[in-house]
1. Measure off 7 Å from each Cα along the Cα-to-Cβ vector at residue B:68 and residue B:107, then give the distance between these two points in nanometres to one decimal.
2. Counting pairs of alpha carbon atoms under 8 Å apart in space and at least six apart in sequence, what relative contact order in percent does chain A give?
3. Based on other C-beta atoms within 10 Å, arrange A:176, B:198 from fewest to most.
4. Using Cα centres only, tell me the gap between segment B:68-132 and segment A:191-262 in whole Å.
5. Output the Kirkwood hydrodynamic radius of chain B, Cα pairs only, in Å rounded to one decimal.
6. Would you kindly work out, in nm and rounded to one decimal, the distances from the label point of residue B:136 to those of the same position in each other copy, ordered shortest first, with label points 7 Å along Cα-to-Cβ?
7. Considering every residue in A:167-178, what mean count of other chain Cβ atoms within 10 Å of its Cβ is obtained?
8. Going by how many other Cβ atoms sit within 10 Å of their own, how do B:16, B:49 line up, fewest first?
Number of protein chains: 2
Amino acid sequence: MKSTATPLTDVRAAIRSGRFTGHTSGVAQDHVQGNVVILPETLAADFLRFCQRNPKPCPLLAVSEPGDPMLAALGSDIDIRTDVPRYRVWKQGEIVDEPTDISALWRPDLVTFVLGCSFSFEQALLDDGLRLRHITEGKNVAMYRSNIATAAAGVFHGPMVVSMRPMSAAAAIRAIQITSRFPTVHGAPIHMGDPALIGIADLAKPDYGDAVAVMPDELPVFWACGVTPQAALLQARPDFAITHAPGAMLITDWLNHRLAIF
Amino acid sequence: MKSTATPLTDVRAAIRSGRFTGHTSGVAQDHVQGNVVILPETLAADFLRFCQRNPKPCPLLAVSEPGDPMLAALGSDIDIRTDVPRYRVWKQGEIVDEPTDISALWRPDLVTFVLGCSFSFEQALLDDGLRLRHITEGKNVAMYRSNIATAAAGVFHGPMVVSMRPMSAAAAIRAIQITSRFPTVHGAPIHMGDPALIGIADLAKPDYGDAVAVMPDELPVFWACGVTPQAALLQARPDFAITHAPGAMLITDWLNHRLAIF
């Protein structure tokens, strides 16, 4: 599936039918991908405020009408019940299942939130000629729970999750310029250099994704990450929630170019 | 003289009369200041190519007609013979004098080059609420000869001189965004983090300017510096050249805002 030649319609059909259940990094790479959070309507207002107060980790691309599984804002034929490769079902803050289809779990009170994802800015970095080690090595990006607190809203609070990419100083400077153009997919980094300053004790032990080496002439560069709401779900322990599985994102009709602010 | 209330005409009159002979950091701070290189016409073409090939350290703001001491492109009444607070006179690559007026040295074959200066982007950083330690401490910025080679042109070659400002990671990220808007005053940094990677053995021993401390939670951030031509003069050893004295810049009529590209 990791071919630039695979059209979006074929990718979506493969995901919808359950034939494609993996990570979407590099898949339909010109298209915006999104982090997904699905909550009962009783929690939706809290979560909307949480996103508004934490725009770096939680940049909202779309919010569905309650009970409506279609996401017309993001594409002409996106059904959130089937179009994510792999989901996580949460009960009282625990992951109870990782299905590839949530049609049987759908309810008329569910609201879907789609948040921007770093895959969009990674494509812009690759297009500029930068190399990303986790992609070269075929890994999921390394993610860590930092000691940076999110701004709480209702039941939602917790640490900001960050993704890390090792870069030379020159590449980091260029990456800051490029990602600053994409505020709706996390924008500029939130930290670089010493990981201990944001509460990360060991880069070799990510909380999500896969570790990659940081070379002596490189800086670890940290971006706010769309997995942050999953850390907030751990703390809020709502009765019921559904998210995407990290790395297995919703692929939208939008083109990444559309997100650049200049 | 370090008052925002001093009008440009008064500042220029004080410099022209020899009453003001010091550093221009913070003086007429809304106005673009420039590094100055004055060369015989026989070397002017070489130096123009040197600037074209090294736009980060040598961003050209203006070049005079041969023999013309006026710089109409930069202001209605700028006379390069009198309007720099302190000059350096070079013979065979050695500094032989530091006068405050070069009227007696003027020749009909001299060409003036004015290069952008970091004071313009420093003002943009201060306006954004960032703090710069050398300014807080009343020092000249620390400058170092790096091991980054400039691209040679004719007789001109040598190491890139860089200025260093210590910053937290968050401030460095913001400073990269801001300075990227100002390509004609050195633009984005060229390095950050480990100084040894660009051949700087000891930050406490700058080659020009004054040392400042780098705190444990800070990164040293390095910008290309307009003192680079002075390092090239050391190597080229031309019979005759005049520059500004580091920190004592030409103040132009231009407003810093004018240099922002977006």
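No lab work stands behind these numbers, since they all come straight from the coordinates. Quantities reported herein were computed from a predicted structural model and do not represent experimental measurements. Here Cβ is always computed from backbone atoms with ideal geometry, including for glycine, and neighbour counts include all displayed protein chains.
1. Placing both labels 7 Å beyond Cα along the Cβ direction yields 2.1 nm.
2. 31
3. B:198, A:176
4. 48
5. 18.4
6. Ordered by increasing distance: 3.7 nm.
7. The mean count of partner-chain Cβ atoms within 10 Å per residue comes to 5.
8. Listing B:16, B:49 from fewest to most nearby Cβ atoms yields B:49, B:16.
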